[in-house]
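The values are calculated or read from the model by the stated rules, or taken from the named source; none is laboratory data. Quick caveat, the model's predicted, so the values are computed rather than measured. Don't worry about glycine lacking a Cβ; one is built from the backbone with ideal geometry, like all the others, and counts go over all protein chains shown. Heads up: the accessible areas ignore ligands, DNA and RNA and are worked out on the full protein's heavy atoms, side chains in. Shrake-Rupley method; radii C 1.70, N 1.55, O 1.52, S 1.80 Å.
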Amino acid sequence: VVQDVTRESGDIILGWLTRIVIGFSLVGVVAFDGVSIGVAHVSAADDANTVARSASHAWFDTHQTDAAFQAAESTAAEHEETVVPASLTVAADGTVDVKIQRAATTLVVHHIHALRSWVTITAAGSGKYTDS
């Protein structure tokens, strides 16, 4: 009789331990995906400004929009991002406005069709080259 009580309490403890481990795992995956998407937004906004300054620098050197676009694409590619087509504009003073896109790294969100749009991050940036 004592052995049956010990076995039952062991099974109960193992059942609860399993539920706790599964619960923590699910929370961890959701937290990872959420933090990853948030970090991608912040990083993309910063990178968009860097891309804009790079394009502005190229424009000041050549006064050609194509050269500015190529510089923007090159800088964006260094950060695993792409320049949104037709988003780059150069103002008369050399200030460049540009939009970039990047994909956030997720474990689950990119597999869920209804949430897939959360993975693609678009950020706008603006920058002007200063010779300093």
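Considering each residue of the range 24-79, count those that are in a helix (DSSP H, G or I), closer than 18 Å to residue 97 by Cα and either open to solvent by 30 Å² or more (accessible area, probe 1.4 Å) or not hydrophobic (A, V, I, L, M, F, W, C) (or both), and give that number.
Step one: of the range 24-79, the residues in a helix (DSSP H, G or I) are 24-62, 65-78.
Next, from what is left, pick out any that are closer than 18 Å to residue 97 by Cα: 41-62, 65-77.
Narrowing the set further to residues that are either open to solvent by 30 Å² or more (accessible area, probe 1.4 Å) or not hydrophobic (A, V, I, L, M, F, W, C) (or both) leaves 41-43, 45-47, 49-50, 53-54, 56-57, 59-62, 65-66, 69-70, 73-75, 77.
Adding up the residues that qualify gives 24.
Of all residues in the range 78-115, which are charged (D, E, K, R) and within 13 Å of the chain's Cα centre (by Cα)? Correct list: 80, 81, 102. The residues on offer are 45, 92, 55, and the sole one that is among the aliphatic types (A, V, I, L, M) and within 18 Å of residue 121 (Cβ to Cβ) is 45. For first residues located in the range 115-132 and under 28 Å from residue 59 (Cα atoms), partners that are in a loop (DSSP other than H, G, I, E, B) and among the hydrophobic types (A, V, I, L, M, F, W, C) and lie 6+ apart or on another chain with Cβ distances below 7 Å form the pairs 121/104; 122/84. Among the residues of the range 97-112, the ones that are within 17 Å of residue 35 (Cα to Cα) and in a strand (DSSP E or B) come to 2 in all. Taken over the range 96-132, the criterion of being open to solvent by 30 Å² or more (accessible area, probe 1.4 Å), under 20 Å from residue 73 (Cβ atoms) and of a type in the set (Val, Ile, Thr) is satisfied by 120, 122. Before we move on, is residue 32 within 27 Å of the chain's Cα centre (by Cα) and closer than 17 Å to residue 128 by Cβ? In short, no.
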